[in-house]
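The values are calculated or read from the model by the stated rules, or taken from the named source; none is laboratory data. Computed from a prediction, not measured in an experiment: that's the story for all the values here. Here the Cβ is made from the backbone with ideal geometry for all residues, glycine too, and neighbour counts use every protein chain on show. Accessible surface areas use protein heavy atoms only, side chains included; no ligands, DNA or RNA. Shrake-Rupley method; radii C 1.70, N 1.55, O 1.52, S 1.80 Å.
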Amino acid sequence: MTTHRLLLSLATLLTLSLFAPPSHAADKLNALIIDGQNNHDWKACTPILKSILQDSGRFTVTVSTAPSQSPQKTPDAWANYNPKFADYDVLIFNYNGDLWPQTLRTNFTNYVRNGGGLVIVHAADNSFPDWPEFNEMIAVGGWGGRNQQSGPMIRYRNGKIVFDSSPGDGGTHGAQHPFLLESREPNHPVMKGLPQAFRHAPDELYAKLRGPCKNVTVLATAFSDPKTGGTNENEPILLAIDFGKGRVFHTVIGHGPEAMSSLAFQITLQRGSEFAATAKVTLPAPNPADLPADKPVLRNFK
Ligand code: ZN
């Protein structure tokens, strides 16, 4: 090689390294929000979820909208609905509706089992009462005919998490009200650095959720006060579940735009989504004063 060509090669190398994309862009995680059916206002909530995740600076967010009618009514639409789950680090589940066709269920289960991340938001845990693997992924769910045969309830009593197998339907909530989230795993990556207790904006406090409860870690609970129609129990609010090589973050809060305007919802969603994607949380914890116990802090996204 002549000196001239050597210099050209060096110049090319230097140019390539100068124009390489900044490392933080390469570090962004790809999230896919899945919606399309829900007894909640998913059309209003999906853009808010997207904004919350993007605001963290950690995620690039894509939306995948499933067909609005059942596979029996619109089989062709469902045959064509086949998101490439493996292209994403984490799936954000904002869907509560018809049972998916078998192929889609298998692809979804394999994605999580093989190490994919999954985040379950509020009524997404009402989905698929008769899909065993999905119920394992979410640990507990509500409604849809769930009862003691679905599995136990999870409660926090006398300083520890207990599984309660007493009979009854799965899934209830009292009136919407602001409530206190209490951390039960302060050293878990999702909770590390967050205050021991912080108040969430008015929302439904899900209770009596039931399910297989396998490989589940309860990150936070809230007291379901009989004064607001609650159960008089500390109910699970934030959960982490291992499913195969994959991780699931399940947040039972986030009924609608008002609940999603709560910093408590936003911070835990961002951190839980990063954890589901990578098993770590690099997002900085907020100043504890920004997540107080006495009143909810609101931050609006559109
Ligand atoms: Zn709701």
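What to note about this one:
- Net charge dipole, the chain: roughly 580 debye, given to the nearest 20, about the Cα centre with Cβ charges of +1 for Lys and Arg and -1 for Asp and Glu.
- Computed over the chain with a Gaussian network model linking Cα atoms closer than 10 Å, the most mobile of V121, V140, V63 is V63.
- P(r) tail, the chain: Cα-Cα pairs separated by more than 30 Å, 32% of all pairs.
- Chymotrypsin sites (Phe, Trp or Tyr not before Pro) restricted to DSSP loop in the range 128-160 with at most 11 other C-beta within 10 Å: none
- Accessible area of the chain belonging to carbon and sulfur atoms, whole % at 1.4 Å probe: 52
- Unit Cα scatterers, Debye sum, the range 82-152: log10 I(q)/I(0) for q = 0.14, 0.16, 0.28 Å⁻¹: -0.41, -0.54, -1.51
- Averaging Cα coordinates gives a centre for the range 76-101 and one for the range 221-252; these two points are 24 Å apart.
- Net +/- balance of residues flanking S56 in space, Cβ distance below 15 Å, scoring K and R +1, D and E -1: +1
- Cβ-derived FRET efficiency at R0 25 Å, K192 paired with T62, nearest 0.05: 0.30
- Top positive-direction residue, dipole computed over the chain with Cβ charges, set F134, T172, N147: F134
- Packing-based ranking, highest mean first, of 77-83, 208-214 given that Cβ atoms within 10 Å are counted: 208-214, 77-83
- The gain in end-to-end length when the K295 to D55 segment is fully stretched comes to 84.1 nm, 0.36 nm per residue minus the alpha carbon separation.
- Ordering F59, A123, N300 by Cα displacement along the dipole of the chain toward the positive end leaves F59 in first place; charges were set at the Cβ atoms of Lys, Arg (+1) and Asp, Glu (-1).
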